[in-house]
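A short write-up of the structure that comes next.
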Amino acid sequence: MKLESYWLDTAPRFSGGAAGTVNGEADVVVVGGGFTGLSAALALRKQHRSVVLLEAGRIAGEASGRNGGQVNAGLAHDFSELSGKIGKARATELYRAYSQAVETVARIVADENIDCDFRRCGKLKVAAKPEHYAKLQQVFRDLSPDIDANLKLIAPQDMASEIGGGDFHGGLLQTTSAQMHVGKFGIGLAHAAARQGARIFEATPVTGLQRQPDQSFMVETAQGSLRAQQVLIAAGGCATGPLGYFRRRLVPVGSFIIVTEVLSQALLDQIMPGRRNYVTTKNIGNYFRITPDNRLLFGGRARFAMSNPKSDAKSGALLQAAMIEMFPALRQTRIDYCWGGSVDMSADRLPRAGVHQGMYYATGYSGHGVQMSVHMGEVMAEVLQGNVQANPMRGMAWPPIPGHFGKPWFLPLVGAYYQLRDKLA
């Protein structure tokens, strides 16, 4: 079993990186080489702006290359509850932004000819308890057809045609959702940006950001420094560097995934005839899908702990047990991959994008960023050009999380709270 991301292990490495030291000037410096930063770099170059992208590790090596590979439309929030908090008009705008984000990914894949196994499959949210199906029915009534015409209820008696395991009690299908090989997509997106002229540096963490009297920025790295007219922070929780503002507002939460050996067509037809993206309704639930080479990917927040090899292995054992409980036919199936990653959670699990002290940012996707991160990269390219209204998160308050200064000491308490909610629900 490999303790590394299946997506990163089965994708080529990025070969279009810039050579030499970091120096000179750029219209925009993008901090972070995940989907947000890469998408922004590509869009900015198409606006004929000079771009330097600085990535602390490898391209798409963090959340962008360590997720479930689901490109899902729709918010993860209860729409009625969210409407009560921020208003129906704003909740609708956010919902439609997530749906549009899937179309953004599809367009970029087609326009840039990225070989990443992109496939429209639909996302099925499955009711883990009988009473959960009633909640899914209410969601359907709230959204269909005016806000999302691409929804369909799957009655409990019809679930056998979708999934051959688990004790599920119906589901809500969003038909335009998709899936892809996120490792190949990230590398393809990086090559597309490099072809357009973006200078992309890997293994180049930002060590300093200084605002200049003329409102430009001096950006410092261990490989040199350069002047930027604008800066876009696309670096998630920003565990390193001079970005404490973001660390106080984002909680890094571990999320873990296992991937099985290659499964036979007969076994796949037995356990997952629908071949969709699947998400359960529990607060601490699971998500799963079939990979392009016919493995089962099975993930979730098995433990409220940070990712490291020891933690990943412990979480992988819990996920394997949950997988077997859901799909007993996989009891003898080998696990080939197990890995973890850090999900950047905001307090209300909504992304944030805007400007702070002259620095633009888009971050905090809270475990639902595969499509939204790509979309927000394009959006922020427009915002940097002055189109503030393009940002669906414009004007949203973002106070720091009380008692949080970068290390999530409270994660076990959060985990216990959500486990209790699942038991009581």
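With a ≥ b ≥ c taken as the square roots of the eigenvalues of the C-alpha gyration tensor of region 94-178, please select rounded if a/c is under 1.5 and otherwise prolate if a/b is larger than b/c or oblate if it is not? Cα axes put region 94-178 in the oblate bin.
When each of the peptides 212-221, 125-134 is scored by the mean number of other C-beta atoms lying within 10 Å of its residues, the order from highest to lowest reads 125-134, 212-221. Distance between the C-alpha centres of region 360-401 and region 275-333: 29 Å, rounded to the whole angstrom. GNM remark for the chain: springs join alpha carbons under 10 Å apart, and the peak mean-square fluctuation among Gly37, Gly197, Gly122 falls on Gly197.
Quick note: the coordinates plus some simple rules give every number you see, no bench work behind them. Model, not experiment: these values are computed from the prediction. Positions of Cβ are generated from backbone atoms using ideal geometry, with glycine treated the same way; all protein chains shown enter the neighbour counts.
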